[in-house]
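Let me begin by presenting the structure, written as structure tokens, before commenting on it.
The values are calculated or read from the model by the stated rules, or taken from the named source; none is laboratory data. The model shown is predicted, which means the values in this text are computed figures rather than measured ones. Here the Cβ positions follow ideal geometry from the backbone for every residue, glycine too, while neighbour counts run over all protein chains shown. Note: accessible area is taken over every heavy atom of the protein model, side chains too, but ligands, DNA and RNA are not part of it. Shrake-Rupley method; radii C 1.70, N 1.55, O 1.52, S 1.80 Å.
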Amino acid sequence: SQQGEEDPQALSIQEGENATMNCSYKTSINNLQWYRQNSGRGLVHLILIRSNEREKHSGRLRVTLDTSKKSSSLLITASRAADTASYFCATDDASEFVDGNEKLTFGTGTRLTIIP
Amino acid sequence: EAQVTQNPRYLITVTGKKLTVTCSQNMNHEYMSWYRQDPGLGLRQIYYSMNVEVTDKGDVPEGYKVSRKEKRNFPLILESPSPNQTSLYFCASSLFRWGQPQHFGDGTRLSIL
């Protein structure tokens, strides 16, 4: 079953603007990851945030995590044409760790288009 | 260069003809997994392996087999492919399972006619 759901499904912005994508999930998690996928290519890991962290930065990326709302956001500042891609969140289900069923569950992604 | 290599990248074949998609990683990772990606469904895990000779089913294992005889290799086998297995497949690996970023291959686009 899908754990993370990204919102919006698609987003188009002008180059230089900031892009914000959101991820909501249903169960308690150990950590949440964000990935980027360029068209037809494999996913590339961007950032991992643990359940006891609230915010994390990596270059132009800022990720927040609100475990009380079961949501995360990915902010890309000063967007560039090269940021055009699909972005996915992925969660580790804390309950599955207890059951020993290790699995990382991906959402369906946000398609980001940067207009030059 | 650290990488996950899948082969072939593209394959068109017919129903019932056994095929194998290979996956190899050069990072000495313990954990490897296979995903399929379909429009509107995101990535779904097919099988995963915690280490050599240790494999288990993911969300959508029906019609697939895997093996993990060596740490670096994790082939995906379709014994009797059917059209509903037409999809984009990804192999991924990580140092171990929990709390680790996944390294993905470039994908295999499989069409079953």
Legend entry - Heavy-atom accessible surface that A and B bury in contact, both chains counted, 1.4 Å, Å² to 100: 1900
Legend entry - Mean separation of Cα contacts under 8 Å (6+ apart) over length of chain B, as relative contact order %: 36
Legend entry - region A:14-116: chymotrypsin sites (Phe, Trp or Tyr not before Pro) falling in loop per DSSP and having at most 12 other Cβ within 10 Å: none
Inset, instruction - Show which aspartates and glutamates lie in cross-link reach of B:Lys71 when reach means a straight Cα distance below 17 angstrom and same-chain residues fewer than eight apart are skipped. - result: B:Glu30, B:Glu53, B:Asp56
Inset, instruction - Take every Cα pair under 8 Å in chain A that's 6+ residues apart, average their separations, divide by the length, and report that relative contact order as a whole percent. - result: 38
Legend entry - Of A:Lys26/B:Lys69; A:Lys26/B:Lys18; A:Lys26/B:Lys57; A:Lys56/B:Lys57; A:Lys26/B:Lys65; A:Lys56/B:Lys69, those spanning more than 27 Å from alpha-carbon to alpha-carbon: A:Lys26/B:Lys69; A:Lys26/B:Lys18; A:Lys56/B:Lys57; A:Lys26/B:Lys65; A:Lys56/B:Lys69
Legend entry - Test item: A:104-114 mean partner chain Cβ contacts at 10 Å: 4
Inset, instruction - Partner chain Cβ atoms within 10 Å, averaged over the residues of B:75-82 - can you pull that number for me? - result: 0
Inset, instruction - Compare each residue of region A:27-50 in its chain alone against the assembly with all protein chains, and report those whose accessible area goes down by 30 Å² or more; 1.4 Å probe, heavy atoms. - result: A:Tyr35, A:Gln37, A:Gly40, A:Arg41, A:Gly42, A:Leu43, A:His45
Inset, instruction - Would you check the accessible area of A:Lys56, probe 1.4 Å, heavy atoms only, in square angstrom rounded to 10? - result: 70
Legend entry - Phi to ³J(HN,Hα) by Karplus 6.51 cos²θ - 1.76 cosθ + 1.60 over region B:67-74, Hz, x for Gly, Pro: 8, 9, 8, 10, 4, 7, 10, 8
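Across peptide B:98-107, how many C-beta atoms of other chains are within 10 Å of each residue C-beta, on average?
6
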